[in-house]
Amino acid sequence: MIVLDLATETEAEAHAASTTLTAELVEALRRFPGGTVSDDDSTLSFAALHEAALRRSGVLRGMFSHGDPALLRSRNSIDFVIDLLAYLLTGLQPVLTVGATVSSAELHRIRACATTDSDDDRSAVALYLTPGVSTGDPESIPRTHADCVLTLWLAARNAELTPYDCYLASTPVAHHHVLGCPGILGALLSGARVVLTQATDYAGIVAAIARHRVTVLPLTLAQARRWYGRVAQADSPVRLVQIGGPAPHSADVDALRRLFGATVQILTPDGRLRTAEPATAVDERRFAMHPADGDMINRGGESVAPADVEHVVAQCPLVIEVLAVGAPHTIFGEMVLAYVTTTEPVPGSVVLGWLLRHCRDISVVPDRVVTVERIPRPETAR
């Protein structure tokens, strides 16, 4: 069993406390042997990736002791993924660097604090994330096995990753949201295809998307904002764009929707969805939303106007009347549900199929359509 098999956060949290990141990744590689990891030059199956990591870990055991911190420079290549898996298999604590190297003083501090517990200790550090840009001597951020596993569950569930997805990493792969939020690690756990590219320009990214039929695209704001004047991608396979780091403005979200015709998610460092709506804490890990506009549906941090959904659904020739509402969803908070009356007795899936074929703006297509005999419209329908 891997953490993504579990349905609730409570179950995932309990599982994360009884496993390691290493064990989860190994189990996923065995479960999905035909999955693939590609870079600009080659492709490896998950089975071949596992074998390569095992061979490299045999070499590392002769060079390091169990529990040692070891520097690992970020490269968007298959070789980086092999190295990361090999470090974990060896029981090392990879110190990931993006751009600048870790100072000798910081490495000394990490080594002084490093645990020598066996990797059966789930509270042990799995890896260290190092800020790529800092005004001073950057301090590495330790991430325990339990932290990593729970974050992967949260982020992979929020992204609804499946083995049919393809995850493209074009920003430095050691950035937290590209590594494990859900990142390449979440994609591996899901059995999704992983693509790593050195390309950072719009033309290169678009070429990689077309070549690999990419469905999930993580970006940084600095990278994305250079593309806003470019031609939108017609029939793009991308279904989800994820933004990590500083929160974008609404204009950024609109520009990315226009470019890729995809849902845009804004991630927090722990794998949750960022929202600009007011909220109050329920407990240490949960919060309750209080939308500023009670008429809006909050789908995973994305505000959807029911009137916009109703306008689109009404275009279907089978639809007589429509009412769009927000329905509870375990992952996204709310989903968009459309009740319709129709000219003939058809299931809601027929109407939804028509909308998916004919509507270019998928952000206003409901998640589910239900046919009813009549639609009540009281003052408080929403």
Ordered by fewest other Cβ atoms within 10 Å, a rough proxy for footprinting exposure, L44, L127 read L44, L127
Put in order of increasing Cβ neighbours within 10 Å, starting from the fewest, H329, H15 give H329, H15
Cβ density ranking, 10 Å radius, fewest first, applied to S77, S349 yields S349, S77
Lys and Arg at +1, Asp and Glu at -1: neighbours of S236 with Cβ under 15 Å from its Cβ sum to +4
In whole Hz, the Karplus estimates of ³J(HN,Hα) for region 17-29 (6.51, -1.76, 1.60; θ = phi - 60°; x where Gly or Pro) are 7, 10, 9, 10, 4, 4, 4, 5, 5, 4, 4, 5, 4
Rounded to the nearest whole number, the per residue volume of the convex hull around the C-alpha atoms of region 3-266 in Å³ is 124 Å³
Sorted by chain and then number, the residues having a modelled amide H within less than 5 Å of the amide H of L127, at least 5 places away or on another chain, are R143
Once phi for every residue in region 252-258 is put through the Karplus expression 6.51 cos²θ - 1.76 cosθ + 1.60 (θ = phi - 60°), the whole-Hz ³J(HN,Hα) values, with Gly and Pro written as x, are 5, 4, 4, 5, 6, 4, 5
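Values in this text are rule-based calculations from the coordinates and carry no lab data. Model, not experiment: these values are computed from the prediction. Positions of Cβ are backbone-derived with ideal geometry, glycine not excepted, and every protein chain shown enters the neighbour counts.
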